Amino acid sequence: MSAVVNSIVTKVTNLTNAATYWAKVGGELAKHVYKSEGLKPPSGKEFETVYQQAVKLIKTPAEQQKLFNQIKDIKPTKETAYKAGIYGIQLLAFFSVGEVIGRRSLTPISVGH
C-alpha cells in the first residue's frame, strides 16, 4: 500500500513541477511579446468607442448590410490568409486556456471520476 501512495505522490509532484515550469516559461514568453510588440491595455475611452460601435452595428440593419458588403469586397491574398491564420491560432489558444480553466485539469481525463 505504501508503494502505491509513494507512486501517486511522485507522479503528482512531477506533474506539479512540470506545470510550474511551463507556467513560468509561458509567463516569460508573454512578457517578452508584450514588451517587444509595444502592447498596452486599452483605455476606458477605447472600450467605450468599441462598445458604441458594436451596439450601433446590432441596432441598425443598414450598418449590418454595410459590414457584409465590406466583407464581400475582401480579396483573398497571402497577407489576409496569414492574418486569418494568426487570428485563428489566437482564438484556439484562448479557447484552450478556457477549457483548461473550466476543467481545472490539463488533461481531458480527471483522476478520481
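The values are calculated or read from the model by the stated rules, or taken from the named source; none is laboratory data. Since we're looking at a predicted model, the values are computed, not measured. Every residue, glycine among them, receives a Cβ derived from its backbone with ideal geometry; neighbour counts consider all protein chains shown. We work out accessible area using only protein heavy atoms, side chains counted, and drop any ligands, DNA or RNA first. Shrake-Rupley method; radii C 1.70, N 1.55, O 1.52, S 1.80 Å.
Could you state the angle between the C-alpha long axis of helix 44-59 and the longest principal axis of the C-alpha atoms of the chain, as a value from 0 to 90 degrees rounded to the nearest 10?
70 degrees
What is the percent carbon and sulfur in the accessible area of region 10-113, measuring with a 1.4 Å probe over the protein chains and ignoring ligands?
That fraction is 67 percent.
Subtract the Cα-Cα distance of Ile89 and Ala19 from 0.36 nm times their separation in residues, and report this length gain in nm to one decimal.
23.0 nm
How much length would be gained if the chain were fully extended between Ser7 and His32, taking 0.36 nm per residue of separation minus their Cα-Cα distance, in nm to one decimal?
The span from Ser7 to His32 would gain 5.3 nm if fully extended.
Dipole size in debye (nearest 20) for the chain around its Cα centre, Lys and Arg Cβ +1, Asp and Glu Cβ -1?
60 debye
Between Phe47 and Val100, what length comes free when the chain is fully extended (0.36 nm per residue of separation minus the Cα-Cα distance, one decimal in nm)?
Here the answer is 16.3 nm.
Calculate, for region 1-40, the solvent-accessible area per residue in square angstrom, rolling a 1.4 angstrom probe over the heavy atoms of the protein chains.
Per-residue value: 90 Å².
For the cross-link pairs Lys40/Lys83; Lys31/Lys75; Lys31/Lys59; Lys24/Lys83; Lys56/Lys83, which exceed 30 Å when the distance is taken from alpha carbon to alpha carbon?
Lys31/Lys75; Lys31/Lys59
Going by alpha carbons, how many degrees (0 to 90, nearest 10) lie between the helix axis of 61-72 and the longest principal axis of the chain?
The angle comes out at about 70 degrees.
To the nearest 10 degrees, how steeply does helix 2-36 sit against the main Cα axis of the chain, on a 0 to 90 scale?
In the chain, helix 2-36 runs at an angle near 30 degrees to the longest axis.
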